[in-house]
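Okay, so here's the structure we're looking at.
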Amino acid sequence: MAEAEAEKYSIGPSGEKRLKGVQFSFPIITGTLAFSLGKKASEYATHRWTVYLRSPTGEDLTHILKKVTFELHSSFDNPNRGITHAPYELTESGWGEFDIVIKLHFHDDAMEPPLELYHHLQLGLDANGNPSKNPKPHLYEIYEDIVMWEPTEAFYQRVKNHIPQLAQPSQMAQYYGKFDPVTDYARVQNARKRLAPVTANLKASLATLLAEEEAAGGGNAVGMDMS
């Protein structure tokens, strides 16, 4: 029995059982839409913009995500804002571009820390740094494939048995980019293939370095997770 459990499970940092060698992944898109305020602009508000996180297929992600937090520039009132249901988005006005931190908070049974993503707010300025005269909003989206390595059994079974549902639609959906599941998924997989040899080489180099330090009677070894 103990040997069978050892083959099926690994032990997590809090002593929890995790499914050895199993991975769970789901796609998301982070994006910003920026509208020039034109004649209504002021010194401190040249654009109205919306930042969001969504499923590329329009699926509701609340069975995976407990909350999504958007961390704005510190100059905004209440810069850290959490949203617990779709659409995961917020709208503000401003004049400058900056990096927005998007935190994914998973449900408690996942026993995972929040995952941080970064999305750069683009306002669609012209070559001189002035607001564009294009009446259409400036769209900037990034496709991500979130991979959870060796999830807890409770979380994995729950999300695998979940029946997909469509999320509550956003008023901004009319401006979203088109998602091609074949092209975008293939692009992510190709990126992983390119990364795999690099990861393997780094692991080999690290193992050699640690072995040399141990043989030399060096100090405490530093571990690195390259999985």
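Within the range 77-125, work out how many residues are in a strand (DSSP E or B) and aromatic (Phe, Trp, Tyr).
Qualifying residue count for the region: 3.
Might you let me know whether the range 121-139 holds any residue that is closer than 30 Å to residue 12 by Cβ and more than 17 Å from the chain's Cα centre (by Cα)?
No, the range 121-139 has no match at all.
Tally the residues that are of a type in the set (S, T, N, Q) and without any contact (Cβ under 8 Å) to a residue 40 or more places away in the chain, restricting the search to the range 12-29.
0
Consider residue 123 carefully, then state whether it is farther than 30 Å from residue 151 by Cα, in contact (Cβ under 8 Å) with a residue 40 or more places away in the chain and not acidic (Asp, Glu). Break it down stepwise before answering.
Values: farther than 30 Å from residue 151 by Cα: yes; in contact (Cβ under 8 Å) with a residue 40 or more places away in the chain: yes; not acidic (Asp, Glu): yes.
Judged against the criteria, residue 123 is a match.
Only residues that are of a type outside the set (Phe, Trp, Tyr), within 30 Å of residue 172 (Cβ to Cβ) and either in contact with a strand residue (DSSP E or B) (Cβ under 8 Å, 6 or more places away or on another chain) or not assigned by TED's automatic domain parsing to the domain that holds residue 23 (or both): list them for the range 136-158, please.
Selection gives 137, 138, 139, 141, 142, 144, 145, 146, 147, 148.
Rundown of residues vs (1) under 19 Å from residue 72 (Cα atoms); (2) among the basic types (Lys, Arg), yes/no style:
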{"site": "8", "(1), (2)": "no, yes"}
{"site": "18", "(1), (2)": "no, yes"}
{"site": "25", "(1), (2)": "no, no"}
{"site": "32", "(1), (2)": "yes, no"}
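Of all residues being out of contact with any helix residue (DSSP H, G or I) (no Cβ under 6 Å at 6 or more places or on another chain) and part of a strand (DSSP E or B) in the range 140-151, which is nearest to residue 125 (Cα to Cα)? Just the residue, please.
140
Quick check on the range 123-155: of everything there that is surrounded by 15 or more Cβ atoms within 10 Å (Cβ to Cβ) and of a type in the set (S, T, N, Q), which residue is farthest from residue 23 (Cα to Cα)?
132
Output the residues belonging to the range 140-163 that are at pLDDT below 95 and over 30 Å from residue 13 (Cβ atoms).
Correct list: empty.
The values are calculated or read from the model by the stated rules, or taken from the named source; none is laboratory data. Every value quoted in this text rests on a predicted model; they were computed, and no experiment measured them. Every residue, glycine as well, gets a Cβ built from its backbone with ideal geometry; the counts of neighbours run over all protein chains shown.
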